[in-house]
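Okay, so here's the structure we're looking at.
The values are calculated or read from the model by the stated rules, or taken from the named source; none is laboratory data. Computed from a predicted model, the values in this text were never measured in an experiment. Heads up, the Cβs are rebuilt from the backbone with ideal geometry, glycines too, and the neighbour counts pull from every protein chain shown.
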């Protein structure tokens, strides 16, 4: 399968997933509402001061992103497993790596849409200000979304083939996501503090390394998982 065919196939899978989610928009809506609720709960827990809010804000944002994203991963693959759509796709002559890339791109797209909702809420509720570093913040958001989408796509496929998938998914997903969430929280904290952005590029580099390593491992392992 040539590179052009692989790209076209991955784009077709992405387009299919986007059409399905547009038709059942409640999935993304549920993720967004759940994430916003997590952000708001952190604000009212413990009667924090403005200084506490600015310190806890980046971490609360990524915790909300982590939980809301996991909710979406479980729904996406479980629906295809129930309707036997995944089995039908596996009967087609599609390279399993290309299938993973299409699913990965779709998950990344929806996580970016989720961030478009969560980030403005978090900035407002916690009084966070990137001090003009909007491009750096956007870059951090994209890198974290890409890495989390890779892990979520892989482990959602694993969980969908088991009877306890909804319980198994967070157990598998959350521990391995800790370095990525830490990079997002610490990198965001560097942007939200006035003065030099010390440490931002180091944390961004960690997130990029995470994307490369886990993206490669998940793409290789996806073929073995999906065929079981």
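Quick notes on this structure:
- Filter result (part of a helix (DSSP H, G or I), in contact (Cβ under 8 Å) with a residue 40 or more places away in the chain and farther than 10 Å from residue 97 by Cα) within segment 218-228: 225, 226
- Among the residues making up segment 193-202, those that are touching a helix residue (DSSP H, G or I) at 6+ places or on another chain (Cβ under 7 Å) and surrounded by fewer than 21 Cβ atoms within 10 Å (Cβ to Cβ) are 197, 198, 199.
- Looking only at segment 129-171, and only at residues there that are touching a residue at least 12 places away in the same chain (Cβ under 8 Å) and assigned to a loop (DSSP other than H, G, I, E, B), the one that is farthest from residue 28 (Cα to Cα): 131
- Filter pass, residue 208 being assigned to a helix (DSSP H, G or I), surrounded by 20 or more Cβ atoms within 10 Å (Cβ to Cβ), at pLDDT 90 or above and under 16 Å from the mean Cα position of the chain (by Cα): no
- Checked against (1) modelled with pLDDT of 90 or more; (2) surrounded by fewer than 18 Cβ atoms within 10 Å (Cβ to Cβ), residue 151 meets all criteria but (2).
- Residues satisfying the stated conditions in segment 184-203, i.e. assigned to a helix (DSSP H, G or I) and more than 21 Å from residue 50 (Cβ to Cβ): 184, 187, 200, 201, 202, 203
- Restricting 138, 149, 159 to residues that are in contact with a helix residue (DSSP H, G or I) (Cβ under 6 Å, 6 or more places away or on another chain) and closer than 22 Å to residue 113 by Cβ narrows the list to 149.
- Meeting the requirement of 2 or more residues that are closer than 30 Å to residue 223 by Cα and modelled with pLDDT of 90 or more, the helices (runs of 4 or more DSSP H) wholly within segment 36-128 are 50-82, 96-126.
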